[in-house]
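**Student:** What follows is a structure written as structure tokens; I'll ask about it next.
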Amino acid sequence: DILAEFDNCMGWVQSTRWSPNGKQVGFIGHDSTVCIADVSTGQPTIQKVYYNGLPFSDFIWIDDNKIIAVGHDCTPVLFENKNGWVY
């Protein structure tokens with residue numbers, strides 16, 4: 001069953017992972033973005049963070065408010081939720 005469809009990512013989706021608490025799903029795109037969908041309340045809300053470097057290829061949740069993404073820049077990047085996702 002399809003839970004939701006998101007059209008926020010304007011490139012290929014490279015990786016998708018659930019947060020440790022299962023209330024958020026993150027996905028990274030070939031358009032150098034990280035998207036986080038909060039699915040804890042009815043209609044998902046999505047936040048998209050643009051990165052000015054090369055695209056990411058994978059990421060991992062450190063906890064429910066921190067993501068480390070890696071990719072073609074060969075440098076890990078920390079994304080953190082501080083009343084909104086930033087890097």
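The values are calculated or read from the model by the stated rules, or taken from the named source; none is laboratory data. Bear in mind the structure is a predicted one, so any value in this text is a computation, not a measurement. Cβ atoms come from the backbone with ideal geometry, glycine included; neighbour counts cover every protein chain shown. Accessible surface is based on the protein model in full, side chains and every heavy atom, while ligands, DNA and RNA are left aside. Shrake-Rupley method; radii C 1.70, N 1.55, O 1.52, S 1.80 Å.
**Student:** Is at least one residue of the stretch 6-24 on the phi > 0 side of the Ramachandran plot and touching a residue at least 12 places away in the same chain (Cβ under 8 Å)?
**Tutor:** No: zero hits.
**Student:** Further question: Of all residues in the stretch 51-69, which are open to solvent by 40 Å² or more (accessible area, probe 1.4 Å) and closer than 13 Å to Ser32 by Cβ?
**Tutor:** Hits for the stretch 51-69 are Tyr51, Asn52, Leu54, Ser57.
**Student:** So for the stretch 47-62 (the condition being in a strand (DSSP E or B) and under 17 Å from Glu5 (Cα atoms)), does at least one residue qualify?
**Tutor:** The first filter runs over the stretch 47-62 and keeps only residues in a strand (DSSP E or B), leaving 47-50, 56-62.
This time we only want the ones that are under 17 Å from Glu5 (Cα atoms), so: 47-48.
The answer is yes, given that some residue of the stretch 47-62 is in a strand (DSSP E or B) and under 17 Å from Glu5 (Cα atoms).
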